[in-house]
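To keep things clear, I will list the structure first and then write my remarks on it.
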Amino acid sequence: TFPARSSASGLVLRRPMAGFCSAVDNHGDLLDVIAICCGHATLRETLDEARRFLSLPMAPAGKDPPARKARAATGTPEAARRLWAAAKPIGGTVARRYLSTRSITDLSGIDSLRCHERCYYRASNEDVANVRPAWPAIIAAVTDLDGTITGVHRTWLAPDGSGKAPVAYPRRAMGRLLGHGVRFGRAGPVMVAGEGIETLLSLRQVMPAVPMIAGLSAAHLAAILFPAGLKRLYVARDDDPAGAGALTTLTRRGLPAGVEVLPLEPRLDDFNSDLTAFGRERLGQCLKGQLHRSDVTHLLIPACAKAGGTHHRLPARMGLT
């Protein structure tokens, strides 16, 4: 293995540049992510960025290399749409019971989530022998800017909804994910973006009217496409290096696009941990101290927007300003 380093794209890379991401169930390298984050028009630009990162000699001048063939995704958008069609609304299902154990009880405006009672699970080498081939699962629709389903995300659950299924990788995605995400509400001038679905559902308990998008991983969060008319993007980052890298990349991408990018930082490791540990009122108080002053009254629910007490912005993490 090689030490992690930051490239000019703002992504934290680790050599070699190929691998497997259990969160999105994809094999592949990061060249496509670098290309989107840097706004590259040609493969040569992306390869030059990779060479700079690896401290390799630059390629001699000449004609551009041939275009890369798109890497095959694990599961096609068509397969993702079939799985979505086979799922049912989340109300009254084991999925709703599971979310309630995470203190997520207000499920208004979550048409992008469904429940599948017996969703196939492909066992990995890390799973125990004879693991069950199907579990109930939360199915989340991944859509592009036009609302077309390009993929789905699956969270396998225990049959009684008491937690996630006891499998090696209870969360996986399929289809075309890069640039897209799981959306809650219509895009607007002010939005919230984050990695995980439960992170954003936790924020929706105190900010139910704010449009949100889950990128499903730090690398995919960094590469989400900005909708037309977006002016301010709050990034609900996880408290880890990958979350810091995604925030940095989105900030760099936002500047030329005229999008102000502001962090929302949890007190614990993520906002679901904050919600379950502190409750809605204290979560709202924490957010009130981090929102732009003009957003407080119309983004937070009234009880949180009017909460008394002193609210302080959390200290900036190292490397962020």
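Okay, here's what the table says:
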item	result
Value in Å of the Kirkwood radius, where the stretch 178-301 supplies the Cα pairs that are averaged	14.1
Radius of gyration, Dmax [the stretch 120-159; alpha carbons; angstrom]	13.5, 42
Lys/Arg +1, Asp/Glu -1 at C-beta; the stretch 178-301 dipole; positive extreme among PHE278, ALA244, GLY185	GLY185
Rounded accessible area per residue of the stretch 95-143, 1.4 Å, Å²	52
Solvent accessible area, Å² - CYS119, 1.4 Å probe, full protein context	0
Carbon + sulfur, % of accessible area of the stretch 178-301 - ligands and nucleic acids excluded, 1.4 Å	55
Radius ratio Rg over Rh of the stretch 74-175, counting only Cα atoms, Kirkwood formula for Rh	0.97
Net lengthening on full extension, ASP160/ASN125 (0.36 nm per residue, minus Cα-Cα)	10.0 nm
Dipole moment magnitude, nearest 20 debye, the stretch 178-301 about Cα centre, only Lys, Arg, Asp, Glu C-beta charged	520
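The values are calculated or read from the model by the stated rules, or taken from the named source; none is laboratory data. As the structure is a computational prediction, the values presented were derived from the model and not from experiment. As a convention, Cβ positions derive from the backbone with ideal geometry for all residues, glycine included, and neighbour counts pool all protein chains shown. We work out accessible area using only protein heavy atoms, side chains counted, and drop any ligands, DNA or RNA first. Shrake-Rupley method; radii C 1.70, N 1.55, O 1.52, S 1.80 Å.
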